[in-house]
1. Please go through the stretch 33-84 and give me each residue that is closer than 29 Å to residue 115 by Cβ, modelled with pLDDT under 85 and surrounded by fewer than 18 Cβ atoms within 10 Å (Cβ to Cβ), ordered by number.
2. Select, from 174, 179, 185, the only residue that is surrounded by fewer than 17 Cβ atoms within 10 Å (Cβ to Cβ) and among the hydrophobic types (A, V, I, L, M, F, W, C).
3. In this structure, does residue 202 turn out to be outside any helix (DSSP H, G or I), surrounded by 15 or more Cβ atoms within 10 Å (Cβ to Cβ) and under 19 Å from the mean Cα position of the chain (by Cα)?
4. Sort out which residues of the stretch 155-184 are under 27 Å from residue 53 (Cβ atoms), outside any loop (DSSP other than H, G, I, E, B) and not hydrophobic (A, V, I, L, M, F, W, C), and write them in order of number.
5. Please state which of the following conditions residue 109 fails to meet, knowing it meets all the rest: (1) more than 18 Å from the chain's Cα centre (by Cα); (2) modelled with pLDDT of 90 or more; (3) assigned to a helix (DSSP H, G or I).
6. Yes or no: the stretch 9-32 includes at least one residue that is modelled with pLDDT of 90 or more and assigned to a loop (DSSP other than H, G, I, E, B).
Amino acid sequence: MRVDFTIGILSVAAAAPIASWFSRRQPIRSDMNLGGSLVGCSILDGVAERTVFTKDTFEFLRSVYLHVVTNDADSVIDYPTGGGFKVPFEVVNVPGKGRGVFAKERIPRNTLIWQNSHYAEFRDEESLRLFLSAISSNFELSCDILQWAYVADFYRGDYHVGLDLDEGSYINHAEDGKANIGCSAETLAKNPDVDDPDCWGEYALRDIEAGEELVVDYTEFYQFGKLTWFDKMVSEAWARDEPDNQIIATEESPRWHYR
């Protein structure tokens, strides 16, 4: 195993001529083992200040996705705001939790906070591995992708790996049912100008004060045990020697709760 600690972001300047970048077929700087699996991510647990990737990084990831996984631009919708958040926010490191999203001003109940604007879908293991290979020179970002991704069933029985390619990936899971953002019949009724019958957005479930962390109930969309190849990939990347950390993709896993 080689652990490559290249923790900056991939050059956004290099991302502009992205077709040229891939046509040169730059060699993969292997943060993956010979079997093609990302490993050793748990070493990042010792990093006190994890990287807060910028808007430019997420724009680059969307470009990579469109180039190596699909050429269907509709698969990563880009709203005029340039991101999924509709309210002022900030992403900061939280002791014991990694990174989190915090409100920068008071948010009234039922306000649309974030919309699933940059949703990427991976229909099989090959497409996800291809995506990870394309960004493998950045070890931390590659590990984050497997922590941000989740198994979804938005199309009723069509399980796939979903990934939000914007700062929405930093939203943490709510402990003990204390989510302050989500989607309900009430929130939709209070937002008649928002066309969201399938609850692709996250709304304020109560008044949220400036400085509060925005947290959502992952169980509203995360499907456990439906894609064993993905569960294995995440476990290989993030598992540690301790028994409690061997299985990552379960609701009981401490790592599953934090971004």
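1. 70, 71, 72, 73, 74, 75, 77, 78, 79, 80, 81, 82
2. Checking each option against the conditions leaves just 185.
3. yes
4. If the condition is that a residue be under 27 Å from residue 53 (Cβ atoms), outside any loop (DSSP other than H, G, I, E, B) and not hydrophobic (A, V, I, L, M, F, W, C), then 160, 162, 164, 167, 168, 169, 170, 172, 173, 175, 182 are the ones that fit.
5. Going through (1) more than 18 Å from the chain's Cα centre (by Cα); (2) modelled with pLDDT of 90 or more; (3) assigned to a helix (DSSP H, G or I) one by one, residue 109 breaks only (3).
6. The first filter runs over the stretch 9-32 and keeps only residues modelled with pLDDT of 90 or more, leaving none.
No: the stretch 9-32 contains no residue that is modelled with pLDDT of 90 or more and assigned to a loop (DSSP other than H, G, I, E, B).
The values are calculated or read from the model by the stated rules, or taken from the named source; none is laboratory data. Only a predicted model underlies this, so the values are computations on that prediction, with no experimental measurement involved. Virtual Cβ from ideal backbone geometry, glycine too; neighbours counted across all protein chains shown.
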